[in-house]
1. When the residues of the range A:65-83 are narrowed to those that are touching a strand residue (DSSP E or B) at 6+ places or on another chain (Cβ under 6 Å), of a type outside the set (A, V, I, L, M, F, W, C) and under 10 Å from A:Ala39 (Cβ atoms), which ends up surrounded by the fewest Cβ atoms within 10 Å (Cβ to Cβ)?
2. Looking at the structure I just gave you, is A:Lys263 in contact (Cβ under 8 Å) with a residue 60 or more places away in the chain, in contact with a Ser or Thr (Cβ under 9 Å, 6 or more places away or on another chain) and not in a helix (DSSP H, G or I)?
3. Please enumerate the residues belonging to the range A:219-243 that are within 14 Å of chain B (Cβ to nearest Cβ) and either part of a loop (DSSP other than H, G, I, E, B) or under 21 Å from A:Thr130 (Cα atoms) (or both).
4. Step by step: first the residues of the range A:165-189, then only those that are touching a residue at least 60 places away in the same chain (Cβ under 8 Å) and among the β-branched types (Val, Ile, Thr), then the one that is farthest from B:Val278 (Cα to Cα). Which residue is that?
5. Listed residues A:Lys188, A:Lys216, A:Lys182; which is more than 18 Å from the chain's Cα centre (by Cα) and within 9 Å of chain B (Cβ to nearest Cβ)?
6. Can you give me the number of residues within the range A:69-89 that are more than 10 Å from chain B (Cβ to nearest Cβ) and of a type outside the set (Gly, Ala, Ser)?
7. Considering only the range B:132-165, how many residues are within 14 Å of chain A (Cβ to nearest Cβ) and not small (Gly, Ala, Ser)?
8. Which residues, taken from the range A:126-149, are small (Gly, Ala, Ser) and in a helix (DSSP H, G or I)?
Amino acid sequence: MCARALFWIAALVVSLVGCRGVDPDGSVGGVVNLNGAGATFPFPLYSKWTFEYYRQHPTVKINYQSIGSGGGIRQLLAETVDFGATDAPMTADERRKAPRTIHHIPATLGAVAVAYNLPSVPTLRLSSETLSAIYLGEITSWNDPRIAEVNPGIALPEQGITVVYRSDGSGTTAVFSDYLAKVSPRWKEQVGAGKSLRWPKGLGAKGNEGVSGQVKTTAGAIGYLELAYVHTAKLQVVALKNRSGEFITPSVKAVTAAASGVKLPESLTTSITDSASPGAYPIASYSYLLVYEDHPKSAKAAALASFLLWSLRDGQRFAEKLHYAPLPEEVVTQVEARVKQLTTGGKPALP
Amino acid sequence: MSSVSNPPSIVRRTPRWLPLLGRSANPGDAVFRSVSRLFALLILVLVLAMAAQMAFAAEESFKEFGWGFITSQKWDPVGQRYGALPFIFGTVVSSLLALLLAVPVALGIAIYLSELAPLWLRKPIGFLVELLAAVPSVVYGLWGVFVLAPLMATTVEPALRSTLGFLPLFSGPNQGFGMLSGGVILAIMILPTISSVSREVLQAVPANLREGAIALGATRWEVVRVGVLPYARPGLVGAVILGLGRALGETMAITMLIGNRPEISASLFAPSYTMASVLANEFAEASQDLHLAALAEISLLLFAVTLLLNIVARLLVWQVSRGEAKGAR
């Protein structure tokens, strides 16, 4: 009786394993499953990409989970996913934990818009000095002379400023604080830059939707959020002064302009906040996909590299409609060269 | 039963290890007992494993900060300094505030439903109260952001300031997002828990206590005060503590309303922060080891507080259901 039970269990195990027979190259019955996890900010674009790519290449299924950049990096380091995604580049500390070389692949560009709630002021301009002073708590009223100075001819109300920030750790906060740390030495010293901060002033709201909700319901509020959200929430948006002295409202074009003036170094990661290019919106950033230089499974490595090449060319077409900015041409060429160097077991990943 | 009358065959078939499981001669009973005991122990193992896992994950934070973690007010992910005091303060004060607002109303509902309401009204109102408990937390949160917070900022907080503004509790700018709004939303959320458990407790009070009080010529109010409430008191305390447990662990709605600022302020208008909120906010994007360890230690603190309160609630509920009539004194 015991022997018979054992036989059935063994048969069951064999049949289960048989069904899921994973080839050594990482494919299952000719279909390659790629798993990725990471940033929430580019998720709408990535899910569009995986959908379109599967339609064009039915043998490759890509599954992307937007669990947050931190989670994506942790999963990539544990090698439970094939690729990660992050808005802020990996820190030196995180890179040190990697078992093999990890490459950053710039995938798209995003912007952080500054929204405000002053019904009597249809257009508002801010300089880097005034924005950082508001977030440091040094400017507390909308009719402060420093704000009036950059808004000639506009009647500013005598109203207190309610500062709103993102309470959840986010790439949006990392980009926004990176900008403030660049333009304000005091911000750099007192607060610094990161995904979660010790804010000198204000109220914390959870997620882009939380910030847009608080700004919308609080008269005199100011907050920062992803560009796509100000369109859906119909908020008033600040025109920010860039390095060339122009006041720029955030747009897809102004974001690509910010990137095109900044040369990508060998690491393919760079900060493009406070860009010196003409027409650039100053709070913009790359969003990256993260891949190991060498993926041990040959079929997965080839599928991943082909998908990356597709995203750099065909994929960019989907960006603008979803309020992401397409990568500048010279960046695409540079990143393509890196993707072509990806390997599997030491041999080139692409045929 | 026929197998019992034929013991030799059973004895021969019973494996030697079976008697270790229990005294019963029937192997089926022994197996059943040990399997269900295993399931019961599984819960204990699960709780211990969770606590151990969190303590293990928090090790780096224990080493770095020691007891200072609980007494420090600074939470700075950029500078890698972590202190949990503002979160402990925010959790405890917002929960107590919620109790202060919810308990009188919840007990009023429970007393009305079990003692005073006409029979045809008891079912529908009781049902509606329990329906409130089924509304998802995020819906309360969204309602809070778009309805409650503006109402607090434009009406409630200015009114409180103009009448009680001399107290530090009601000073500072009225922004609508802060400790008071957080406490109010928690009060609304724990109301159904407290009132439905209290109603059950009141209904369990033996009828002869009420009849005795009525026979002595007591009014309705006296029946409740002298006859029913003293008997039900431990159970009612248990209901309140269950509500407190829910308030302590509530995450989504309070995160959307409390203002998420790790500061300790005397004013109820000022923003604050709770332990559950900081976990929900920062865990997904935390990647530095020390940050993760500090968050793990916060979850351990929250776990300990919640567990402790639930144990106390259980003990109190048991005391009343054991039926030792405290009598009307």
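The values are calculated or read from the model by the stated rules, or taken from the named source; none is laboratory data. Bear in mind that the values here come from a model prediction, so they are computed numbers and not experimental data. Here Cβ is always computed from backbone atoms with ideal geometry, including for glycine, and neighbour counts include all displayed protein chains.
1. Here is the first cut: in the range A:65-83, the ones touching a strand residue (DSSP E or B) at 6+ places or on another chain (Cβ under 6 Å) are A:65, A:67, A:69, A:72-73, A:75-76, A:81-83.
Narrowing further to those that are of a type outside the set (A, V, I, L, M, F, W, C): A:65, A:69, A:72, A:75, A:82.
Checking the rest, the ones that are also under 10 Å from A:Ala39 (Cβ atoms) come to A:69, A:72.
Details: A:Ser69: 31, A:Gly72: 28.
Once the filter is applied, the top-ranked residue is A:Gly72.
2. Working: in contact (Cβ under 8 Å) with a residue 60 or more places away in the chain: no; in contact with a Ser or Thr (Cβ under 9 Å, 6 or more places away or on another chain): yes; not in a helix (DSSP H, G or I): yes.
No: the conditions fail for A:Lys263.
3. To start, the set of residues in the range A:219-243 that are within 14 Å of chain B (Cβ to nearest Cβ) comprises A:219-223, A:233.
Matches in the range A:219-243: A:Ala219, A:Gly220, A:Ala221, A:Ile222, A:Gly223.
4. We begin by selecting, within the range A:165-189, every residue touching a residue at least 60 places away in the same chain (Cβ under 8 Å); these are A:169-172, A:174-176, A:178-179, A:182-183.
Among the residues that remain, those that are also among the β-branched types (Val, Ile, Thr) are: A:172, A:175, A:183.
On the way: A:Thr172: 18, A:Val175: 21, A:Val183: 29 Å.
Top of the filtered list is A:Val183.
5. Details: A:Lys188 fails: within 9 Å of chain B (Cβ to nearest Cβ); A:Lys182 fails: within 9 Å of chain B (Cβ to nearest Cβ).
Selected residue: A:Lys216, the only one of A:Lys188, A:Lys216, A:Lys182 that is more than 18 Å from the chain's Cα centre (by Cα) and within 9 Å of chain B (Cβ to nearest Cβ).
6. Kept after step one, since they are more than 10 Å from chain B (Cβ to nearest Cβ), are these residues of the range A:69-89: A:75-76, A:78-85, A:89.
Filter once more, so that each one left must be of a type outside the set (Gly, Ala, Ser): A:75-76, A:79-83, A:89.
Qualifying residue count for the region: 8.
7. At the first step, the residues of the range B:132-165 found to be within 14 Å of chain A (Cβ to nearest Cβ) are B:137-155, B:157-158.
Keeping just the survivors that are not small (Gly, Ala, Ser) gives B:138-140, B:142-143, B:145-148, B:150-152, B:154-155, B:157-158.
The number of residues fulfilling the criteria is 16.
8. First, the residues of the range A:126-149 that are small (Gly, Ala, Ser): A:127-128, A:132-133, A:137, A:141, A:148.
Within the range A:126-149, A:Ser128, A:Ser132, A:Ala133, A:Ala148 qualify.
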